[in-house]
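Every number here is computed from the coordinates shown, using simple stated rules; none is lab data. Nothing here was measured: the structure is a model prediction, and the numbers come from that model. For neighbour counting, all protein chains shown are included, and Cβ atoms are generated from backbone atoms with ideal geometry for every residue, glycine included.
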Amino acid sequence: MLPPKKVAKVVLVGESGVGKSSILSTYFGEPFSHVYVQTREREIKTTMLNVGRQPLELQIWDTPGNPHCRTITAAYLREEVQGAVCIFDVTRDDTYYNMQHWVATVNTYAGSGNVKFVFVGNKVDQKERSVNIESGEQLAKQYNGIYIDVSARQNHNVNMIFQTIAERIDIEGGQENAGIGDENGQEGDNSMKNEDRRFQCIFL
Ligand SMILES: Nc1nc2c(ncn2[C@@H]2O[C@H](COP(=O)(O)OP(=O)(O)O)[C@@H](O)[C@H]2O)c(=O)[nH]1
Ligand SMILES: [Mg+2]
C-alpha cells in the first residue's frame, strides 16, 4: 500500500519586482517575460517532488507586492505555511535589507512555528550586482535557512530552490494531506480569523 501523500505549503515573498513570479514561471517551464506584470491575485501552483521515501506535494504561493507603500495584505499570508522562499534582487540593496521584515511577516501571519526558510538572491545574470554571496549566506545563517544564488532569466538554480525547501520540510515530516489545502476551509485553533486578517495591511 502506498504511504499517504504529504502536502506542504510554500510562500514566495519579497519586494515587488525582485522576480518572484518570474522564478515561478521559469520553474514551471513558462517563457521568461522581460515585461513586468504586477501580480494582483495570489497564485498557487502545485508540484510533486521526490524527497525522502515518499513524494511531497508542494503548493507554491506567489504573492503580490505593493510598489507604492511597500505594504502587503496579510490576506495573502493568512494560511499556515511550512516553507518560505524569501527573494531579493542582487542589484537592489533595499530588497536585501528588507528580508528581515519578510521573515517576521511570515512568522507572524503564516508561521506554523517552524517555517523553513530559503533565501534567494535573484538576477545574478546582471552585471551590476551589489549584494554578494557572502551577504546572502550571512542572512541565511541568521534565520537557520539556506542561501541560493539564482537567475530566473537564465534558469540558473531555479529547481534547486524548490528541491531544497522540499528537503528541509521533509526532514520535519511535512504534513499529511488531511486538513490543509482547502482555501476556504475553517481555521483550526488559529486565533485570528480569515476575515480579520484579510483587511490587515502590514507596513514593512
Ligand atoms: N535580468 C533579470 N531580470 C529578471 C530576472 N527575474 C525577473 N526579472 C525581471 O524583473 C522584473 C520583475 O519580475 P517579476 O517576476 O514580475 O517580479 P515580482 O514582482 O517579484 O513577481 C521583470 O521585468 C522581469 O523580467 C532575472 O533573473 N534576471
Ligand atoms: Mg509577481
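For this structure, a couple of remarks:
- Between the stretch 18-64 and the stretch 106-120, the C-alpha centres lie 17 angstrom from each other.
- With neighbour counts taken as other beta-carbon atoms within 10 Å, the residues 99, 160, 48 rank, fewest first, as 48, 160, 99.
- Here 129, 168, 53 are placed in order of increasing Cβ neighbour count within 10 Å, fewest first, which gives 53, 129, 168.
- Local electrostatic count, residue 140, Cβ distance below 14 Å [Lys/Arg +1, Asp/Glu -1]: 0
- Paramagnetic reach from residue 125 (point 7 Å along Cα→Cβ, amide N under 19 Å) across the stretch 3-39: 17-38
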